[in-house]
Amino acid sequence: MSGARNYAIVTTAYFLFTITDGALRMLVLLHFYSLGYTPFILAFMFLLYEAAGIFANVGGGWLASRFGIPRMLMTGQLLQIGGLCMLSALNPAWGAVASVAWVVLAQGIAGVAKDLTKTASKSAIKATSQQGAGQLFRWVAWFTGSKNATKGAGFFIGGLLLQVAGFRPALWLMAGMLAIVLVGVMLALPRTLGKAKSSRSFRELFAKTRAINLMAAARIFMFGSRDVWFVVGLPVYLYGFGWQYMQVAGFVAAWTIGYGAVQALAPAVVTRSRDGLSREVPAARVWGAILTAIPVVLAVLLSVPGVTRPDLVLVVGLLIFGFAFAVISSLHSYLILAYAGSEKAAEDVGFYYAANAAGRLMGILLSGILTQHGGMRACLWGSAIMLAICFGITALLPSGAEARRVPV
């Protein structure tokens, strides 16, 4: 029961953190777009957020193994509170360069906070799961899906707070909520949760198995393929069609919540195998092929003359994209834990999610560039290319018994 209790505490803390993470993104994007900043500058504001996450994931995995998961959770929450307070201190009288630099730095702190918290939380699943691959897949799927649904709620809350309370009061409200969560984690979790033998050198830290290296490479292109249209391209495209703040935030929130719900249901969609890999790996390849075709079809449809409501075509198409992306994302989140060694699971997870952050960094940068120079169609073609690369890497994943790391 202690394992389930700790899993519930970590999950609750992470979900509440994730609300602030999603709300912060929507607050920054809509607030500064309304002030006249270009799509490229908007993307630039998120670059340090993602770049910092690359190092935070790797370092967070090592630190979680050395000092325990609760300390990493608390560190992430403290940093997020600091980033929110720093952003609230932004002075409208500052020039554009100073304002952008301040936002980038605050976002960088939030990026470190988010990935320290995520790596610690996902490592806790491995540390608390005690009933083999079946329970691990269910817990990973539920955690990942619920997390993304919560982040979607955060997108909506961000748009709502911006419209109702304003930029600065919204940041103060979120910082106050996280302070309460921080106290709860300090009081509820055992300090030794997740402690294990950590790597003694950088070379050992990055010496991963072939399967984990392939998973990390696939993750880069998979999440780059989403963020290349999701972060800047989609909100700007919908806003350009006359959608209001709440409509844009509402759709982004609904998409993310639906995406999270499908992730949580992935174990019911994917046929399970006794060894935890022989059916799951081929399923990842099939869903990867399906996903690759969707942005190609959307890009072609948006090029067809005479379409009166291309924004609605895009909305429907992205809902279909979200279903397929949710299934493959949940599969990948499970597979990294299936391949990870028990002694250094936190380090393996941190390495994997560093690749995740690298993919988002690439996707965000390309989203700003492609939106500014080619519009939404260019973003969709960029997504299709990255998904094709992801599919090629997934085809190389081992699926036999020799790759199994998780007891049944």
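Report the Stokes-Einstein translational diffusion coefficient (µm² s⁻¹, integer) for segment 235-388, Rh taken as the Kirkwood radius over Cα pairs, at 37 °C with viscosity 0.692 mPa s. For the chosen part, D equals 190 µm²/s. Scalar couplings 3J(HN,Hα) for segment 35-42, obtained by applying the Karplus form with A = 6.51, B = -1.76, C = 1.60 to θ = phi - 60°, are 7, x, 6, 6, x, 5, 5, 4 Hz; x denotes Gly and Pro. Sequence-ordered 3J(HN,Hα) estimates for segment 268-275 from the Karplus curve with 6.51, -1.76 and 1.60 and θ = phi - 60° stand at 7, 8, 9, 5, 8, 10, 5, 8 Hz, glycine and proline given as x. Sorted fewest first by neighbouring Cβ atoms within 10 angstrom, Thr119, Thr292, Thr12 come out as Thr12, Thr292, Thr119.
Residues Met246, Met26, Met74, arranged from fewest to most other Cβ atoms within 10 angstrom of their Cβ, appear as Met246, Met74, Met26. Treating each Cα of segment 203-284 as an identical point scatterer and summing with the Debye formula, the log10 of I(q)/I(0) at q = 0.24 Å⁻¹ comes to -1.17.
FYI, it's all coordinate maths here, none of it is from the lab. In this text, all values refer to a predicted model and were calculated from it rather than measured experimentally. Cβ sites come from the backbone with ideal geometry, for glycine too, and all protein chains shown count toward neighbours.
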